[in-house]
Structures are given as structure tokens and as C-alpha cells.
Amino acid sequence: MTVVTRFAPSPTGYLHVGGARTALYSWLHAQKHQGEFVLRIEDTDRERSTDAAVQAILDGMQWLGLAHTQGPFYQTQRFDRYKEVVAQLLTAGDAYRCYCSKERLEALREEQMANKQKPRYDGRCRGLSESEQDVNAPHVIRFKNPLDGKVTWQDAVKGEITFANQELDDLIIARTDGTPTYNFTVVVDDWDMKITQVIRGDDHVNNTPRQINIFKALNATPPEYAHVPMILGDDGKKLSKRHGAVSVMQYRDEGYLPQAVLNYLVRLGWSHGDQEIFSLEEMKQLFDIHQINKAASAFNTDKLRWLNQHYIKTSPVAEVKQALQWHLEEQQLDVSNGPDVAALIPLFAERVHTLKELVASIRYFYQDFSEFDAAAAKKHLRPVAAEALTTVMTKLKALTTWQAETIQGAIDETVNELEIGMGKVGMPLRVAVTGGGQSPNLDVTLALIDQATVIARIEAALVFIEQRAAQ
Ligand code: GLU
């Protein structure tokens with residue numbers, strides 16, 4: 001049997017971390033078994049669903065590279081099918097029309113609450129005969145849940161779960177206006193789309209026995225269920241915006257590589273020994289829904305940053321460069337008049353954790369800066385540095401080939417001539433040319449900036465030192 005999984009988001013907001021993890025697990029399970037991965041947009045809640053949210057989900061999935069092999073299917077385009085199945089259940093006697101008014105249901109609810117009972121529909125319309133009904137009167141359709149017995153399933157994550165049917169009431173499957181409800185559309189879709197594994201958040205555990213009962217009424221085999229525990233913030237509370245838990249696309253904006261996010265998400269609730277780094281291939285091979293953690297996992301931004309740096313360091317430079325394009329545009333850095341960014345990526349990979357930081361760090365290769373880093377300037381652009389800077393500038397100016405070796409030669413000569421330590425030349429020079437106290441090795445850094453620019457920046461630093469001395 002072909003494995004078919006699905007990701008079935010409700011388009012009421014962006015694709016958040018929890019949703020992305022569910023999508024990843026579903027995608028991996030399908031990939032592992034050469035199966036199909038369905039994308040289904042559960043947009044029946046028309047008041048809360050928006051086109052922008054649908055787009056945000058599609059964008060997020062695309063950025064992560066979680067390609068669906070079927071869909072996207074939209075539930076709002078399947079209303080005829082849901083109506084057909086409602087009619088089928090009515091005919092078979094597995095559903096009934098309920099004419100109870102809102103007022104009656106409200107009164108019932110209050111009475112049950114007052115008696116400390118769980119509020120539930122009392123089944124008043126369940127036994128109405130045809131002659132007792134006026135089908136033109138406003139009504140909803142309820143599913144006839146079995147009155148006794150129990151529903152049990154082997155959850156791939158949580159093990160055996162059992163609900164007594166007495167705990168479940170006759171749920172509404174179609175509203176007064178005929179529109180179908182969530183638990184019902186999910187079953188029809190999972191059935192029609194031949195879903196073999198439903199992997200979703202464990203906030204759906206209470207829905208599952210209801211869904212299984214509907215499957216049974218339709219003489220259909222329910223899929224296997226895997227309910228994934230929720231994600232907590234680092235304070236142990238349910239992950240929310242407060243924790244910076246944001247849309248997947250915000251991770252793109254912050255400068256994370258999709259591969260790092262995927263690697264982070266796969267480990268957030270699943271492990272394989274103490275392995276932390278997983279290539280996509282390894283994930284596909286090793287991921288197993290039966291090994292998903294039973295306990296909730298806590299989000300850890302430091303670990304995500306660590307993974308991101310790992311992937312900046314180890315991914316093919318062309319891939320990182322490709323991902324960097326968006327950030328260069330976003331931060332308005334035109335790199336057409338300077339070194340190929342591909343040359344800078346390996347130089348900076350050890351120094352940054354995100355692509356956003358990378359762009360900020362390489363700006364001086366392409367643009368003059370308007371001011372020096374205050375702390376670095378205070379420490380290194382002092383009057384005592386003027387002589388070293390003037391000397392090295394003269395030597396750099398005289399170079400006829402502008403390469404790391406010749407530049408290093410000019411620095412070494414300055415050190416020897418003035419009989420001072422390397423730092424006394426190197427640090428002022430670094431601050432003068434890069435604006436700050438941190439950069440890769442000076443010889444390679446300067447070699448990537450053109451000679452005239454380097455000289456002009458040293459001159460500007462000398463002016464700065466003079467002005468400061470005069471103050
Ligand atoms: N649409 C549901 C949600 O976004 C998911 C339904 C399911 O996975 O069964 O929570």
C-alpha cells in the first residue's frame with residue numbers, strides 16, 4: 001500500500017514553527033516510504049481564513065523545500081462532496097437532523113453545568129421519525145455516535161489511547177446553513193485522499209475518537225494516527241509569539257538557511273542517538289514516527305543559531321550565496337562593485353551565525369562607512385597610532401601589485417622599521433579600513449578591497465585622529 005501523508009493547515013495565520021514541524025514529519029514519512037505527500041488547505045472557517053494566510057503557508061512550505069506531490073486541495077472547493085457524504089450517512093441512519101434551538105441547547109448546557117456534568121447534547125432529536133420532522137425547518141445534521149462501547153487506537157507516538165463512547169456526544173457535521181464542520185471534513189478528506197498516516201499536533205487527540213467513529217460508519221479504515229507533543233518556549237510555557245516564535249518566513253528574514261531550520265525542527269521532538277546534524281538524506285532514512293518523543297520539547301534559539309552557523313560553514317558556497325541574495329536586496333547592499341560574495345562567505349562563516357549578520361559584516365567591502373565603531377576607534381585610533389598608519393599607508397600606496405602577499409609585506413616592513421609589535425600596526429589599520437576591531441586576516445581582507453579605497457580610508461582615519469587630538 002502506498003504511504004500517503006498530508007499537511008492540513010487552517011489558513012488563519014502564518015506557517016508557524018509547530019505547523020512546519022508537523023509538515024516536515026509528514027513529508028519525511030512519505031519520503032522515507034516513497035509515498036505521496038498531500039497539501040490540504042482547511043479553509044472551511046471562512047471568517048478566519050484569508051488568502052494572505054494561504055499564500056504565507058505556500059511560501060513557507062516552498063522556502064523549506066517541503067514539496068507536496070498532491071494538491072493543494074481546498075476544502076471550500078469540496079462542499080459538494082461533503083454534502084454527498086452527509087446524505088449517505090443520513091440514508092444509512094448514521095446521522096440525523098437536529099431541530100433543537102440555540103435557546104434549548106443553551107438551557108441544557110446551563111443545567112448540565114449546574115449539575116456538574118460535562119455539557120453534551122442529550123440526543124433529543126436522535127430518535128425522531130420521519131413524520132415527526134419538518135425537513136424544511138432550520139436544522140443541523142448530527143452524527144449518530146455509538147452510545148456505548150469504546151474507541152481505541154494505537155497512536156504511533158502515544159501508544160494505546162481509549163475513549164468511552166459515552167464521553168462523546170453526537171457532533172454536528174453540517175451547520176444550519178449546510179456548511180460542513182471540521183471533524184467531518186477531515187474524515188471525508190482523509191478517506192478520499194487515501195491518507196495512511198495522520199501526523200498532527202496532540203491538541204487533536206480529543207477529535208480522533210470522533211473521527212474514527214465516522215470512519216467506521218462509512219465502512220472505511222481509519223489511518224494510523226501520530227499525535228506529536230507540543231513545543232514549549234524556553235520557560236516551559238506553550239510556545240507563542242512571546243518567545244519570538246514566529247512564522248517560518250521570519251526565520252528566513254532573520255537569516256537562517258532552510259536546511260538549518262529543517263535540521264532544527266527534526267530534532268525538536270525526535271532523536272537518533274545523540275546525533276545533532278542530519279543531512280536531508282539522513283533525515284529521510286532515519287526518521288521514524290514511532291520514535292517521536294512522548295514529552296513536549298522546548299525551543300532553543302541558541303541551538304538553532306549554532307546549526308545555522310554549521311550550515312553556513314559547510315554548505316556549498318554557491319548555495320549560501322544564493323540564499324544571501326535576498327538579504328543583500330533586503331539590506332540594500334549592492335555587491336556589483338566589489339569582490340564576489342562567494343569569496344567572502346568562507347572568510348566570515350566562523351564569525352557569523354546568520355545571513356543577516358553576514359551582510360552586516362561584509363558591508364565595508366562594498367561601501368564606505370560613515371563612522372568608526374566607537375569602542376574600536378577609542379582604543380586603536382589614538383595619536384600614537386598615527387605614525388604606524390602613515391608609514392604603512394606610504395608602503396601600501398607604493399605597491400604595484402595588490403595581493404595578500406604584497407600587503408602582508410608592507411605591514412611586516414612597517415613593523416620592522418618602527419620596531420613595534422604587529423598589533424600596533426594591525427589594529428589601527430584594521431579599524432581604519434573596516435571601521436571596526438574585528439575582521440578576517442588583514443592581508444586577505446585588504447586584498448579584496450581596492451587599493452585606492454584602502455588608502456583613502458587610512459587617510460580618513462588619520463584625519464579622525466588629528467581631529468580627536470585637537471578636541
Ligand atoms: N486544520 C487543522 C489545524 O490546522 C489540522 C487538522 C488535522 O491535521 O487533522 O489544526
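Restricting attention to segment 208-239 and to residues that are β-branched (Val, Ile, Thr) and touching a residue at least 40 places away in the same chain (Cβ under 8 Å), the residue that is surrounded by the fewest Cβ atoms within 10 Å (Cβ to Cβ) turns out to be Ile212.
Scanning segment 1-10 for residues that are open to solvent by 60 Å² or more (accessible area, probe 1.4 Å), in contact with an Asp or Glu (Cβ under 7 Å, 6 or more places away or on another chain) and more than 10 Å from the ligand (Cβ to nearest atom) yields a single hit, Thr2. Could you look through segment 240-250, keep only residues that are part of a helix (DSSP H, G or I) and within 15 Å of Lys356 (Cβ to Cβ), and pick out the one that is most open to solvent (accessible area, probe 1.4 Å)? Taking the candidates together, the pick is Gln250. May I ask you to verify whether Ala410 is crowded, with 16+ Cβ neighbours inside 10 Å and either assigned to a helix (DSSP H, G or I) or modelled with pLDDT under 95 (or both)? So Ala410 fits the description; yes.
Restricting attention to segment 11-37, which residues are in contact with a strand residue (DSSP E or B) (Cβ under 8 Å, 6 or more places away or on another chain), of a type in the set (S, T, N, Q), open to solvent by 10 Å² or more (accessible area, probe 1.4 Å) and within 14 Å of the ligand (Cβ to nearest atom)? Of everything in segment 11-37, just one residue is in contact with a strand residue (DSSP E or B) (Cβ under 8 Å, 6 or more places away or on another chain), of a type in the set (S, T, N, Q), open to solvent by 10 Å² or more (accessible area, probe 1.4 Å) and within 14 Å of the ligand (Cβ to nearest atom), namely Thr22. When Asp253, Asp234, Asp302, Asp274 are checked against the criterion of being closer than 20 Å to His353 by Cβ and not in a helix (DSSP H, G or I), a single residue qualifies: Asp234. The number of residues in segment 38-73 that are crowded, with 16+ Cβ neighbours inside 10 Å and among the hydroxyl-bearing types (Ser, Thr, Tyr) comes to 2. Suppose the filter is within 13 Å of the ligand (Cβ to nearest atom) and modelled with pLDDT of 95 or more; does Val85 pass it? It is false that Val85 is within 13 Å of the ligand (Cβ to nearest atom) and modelled with pLDDT of 95 or more.
The set of residues from segment 332-352 being surrounded by 14 or more Cβ atoms within 10 Å (Cβ to Cβ) and without any contact (Cβ under 8 Å) to a residue 60 or more places away in the chain comprises Leu333, Val335, Val341, Ile345, Ala349, Val352.
Among the residues of segment 178-194, those identified as touching a Lys or Arg at 6+ places or on another chain (Cβ under 9 Å), at negative phi and open to solvent by 10 Å² or more (accessible area, probe 1.4 Å) are Thr179, Thr181, Asn183, Asp192, Met193. Mind checking whether some residue in segment 138-152 is of a type in the set (A, V, I, L, M, F, W, C), farther than 21 Å from Glu42 by Cβ and buried (at least 19 other Cβ atoms within 10 Å of the Cβ)? Yes, segment 138-152 contains a residue that is of a type in the set (A, V, I, L, M, F, W, C), farther than 21 Å from Glu42 by Cβ and buried (at least 19 other Cβ atoms within 10 Å of the Cβ). How about segment 152-190: which of its residues are away from the ligand (no atom under 16 Å from the Cβ) and in contact with a Phe, Trp or Tyr (Cβ under 7 Å, 6 or more places away or on another chain)? Result: Asp169, Asp170.
If you go through segment 191-202 and keep only what is within 13 Å of the ligand (Cβ to nearest atom) and among the β-branched types (Val, Ile, Thr), you end up with Ile195, Val198, Ile199. Scan segment 336-395 for residues that are closer than 30 Å to Ala318 by Cβ and of a type in the set (A, V, I, L, M, F, W, C) and the total you get is 16. Of all residues in segment 391-403, those that are over 14 Å from Glu413 (Cα atoms) have Cβ atoms under 6 Å from Cβ atoms of residues that are in a helix (DSSP H, G or I) and aliphatic (A, V, I, L, M), 6 or more apart or on another chain, in Gln403/Ala447.
Which members of segment 80-123 meet the condition of being touching a residue at least 12 places away in the same chain (Cβ under 8 Å), under 14 Å from Ile172 (Cβ atoms) and open to solvent by 80 Å² or more (accessible area, probe 1.4 Å)? Answer for segment 80-123, where residues must be touching a residue at least 12 places away in the same chain (Cβ under 8 Å), under 14 Å from Ile172 (Cβ atoms) and open to solvent by 80 Å² or more (accessible area, probe 1.4 Å): just Arg120. Considering every residue within segment 105-118, establish whether at least one is on the phi > 0 side of the Ramachandran plot and either outside any loop (DSSP other than H, G, I, E, B) or within 16 Å of the chain's Cα centre (by Cα) (or both). Checking segment 105-118: not a single residue is on the phi > 0 side of the Ramachandran plot and either outside any loop (DSSP other than H, G, I, E, B) or within 16 Å of the chain's Cα centre (by Cα) (or both). How about segment 253-276: which of its residues are open to solvent by 50 Å² or more (accessible area, probe 1.4 Å), touching a Phe, Trp or Tyr at 6+ places or on another chain (Cβ under 9 Å) and of a type outside the set (Asp, Glu)? His272 - this is the single residue of segment 253-276 that is open to solvent by 50 Å² or more (accessible area, probe 1.4 Å), touching a Phe, Trp or Tyr at 6+ places or on another chain (Cβ under 9 Å) and of a type outside the set (Asp, Glu). Of all residues in segment 203-221, none satisfies being more than 26 Å from Leu89 (Cα to Cα) and away from the ligand (no atom under 16 Å from the Cβ).
The values are calculated or read from the model by the stated rules, or taken from the named source; none is laboratory data. What you see is a predicted model; the values in this text were computed from it and never measured. Reconstructed Cβ throughout: ideal geometry from the backbone, glycine too, with neighbour counts over all protein chains shown. For the accessible areas, the whole protein counts, side chains as well, though only heavy atoms, and no ligand, DNA or RNA atoms are used. Shrake-Rupley method; radii C 1.70, N 1.55, O 1.52, S 1.80 Å.
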